[in-house]
Amino acid sequence: MRGLESKNDLSYKYAKDGKTQTNKIIPNIPIMWLRLRTAQRSAVTPAIVDSGFDGGLYSDDKLPTILEEETPIGIETLYSPGSEVKCEIFKVRAWLIEEKGGKDKIDIGQILIYVPIRVRDLAENIILGREVLNKLDVALEHGEETRIYK
C-alpha cells in the first residue's frame, strides 16, 4: 500500500472498544471527520464509514440542528430488512478535515444528508456512505487506520 503522498492526504485512527447494547465487543470502526456547511450553519463531526449505505450521510439525533431553517430538496424511502425509513433529503457542502476539527483538507463538494422523519429511526452515530466514498481513494488498513488519498 502506498504511503501518504500529498498535503491533502488524510489518515484517521479507527474508533476502538465499541460495544453493543448487550456488551458484546464489536470490531474497531473506521471513521472520517467532516465539516458540513449549510447557508446558515456549520458543524464538525465524525462519521462512521459504511460502504453498505448508498447515500452521502445518514443523520444521528444531533445533525438536524444545523439543518434548521433549511428546506429539504425531497423525500426518499430507504429500505432495510423488515422496515422502511422515510427521510427528508438535504444538500450540504462538505469537506474532510483533520481529526477532531482541524484544517479543511479535501473538498468533497455537495452531498446529501438523509434525515429520518421518525425520531426513532435516527442513527446513534452519523453514517457516511458510498456517495462520499466513491469520490475518494480510500484504504482501510488492517482494522487500525483509514487513509484517504486525493
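Results, tabulated for the structure shown:
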{"item": "Gyration tensor verdict on the chain (Cα atoms; rounded if a/c is under 1.5, prolate if a/b is larger than b/c, oblate otherwise)", "result": "oblate"}
{"item": "Segment residue 21-residue 62, length gained on full extension (0.36 nm per residue, minus Cα span)", "result": "12.7 nm"}
{"item": "Of 42, 66, 102, farthest towards positive along the dipole that unit charges on Lys, Arg, Asp, Glu beta carbons give the chain", "result": "102"}
{"item": "Relative contact order (percent, whole number), the chain, Cα cutoff 8 Å, 6+ residue spacing", "result": "32"}
{"item": "Lysines whose Cα lies under 17 Å from that of residue 62, excluding same-chain neighbours fewer than 8 positions away", "result": "91, 100"}
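Here, each number is a calculation from the coordinates, and none is a lab measurement. Quantities reported herein were computed from a predicted structural model and do not represent experimental measurements. Here Cβ is always computed from backbone atoms with ideal geometry, including for glycine, and neighbour counts include all displayed protein chains.
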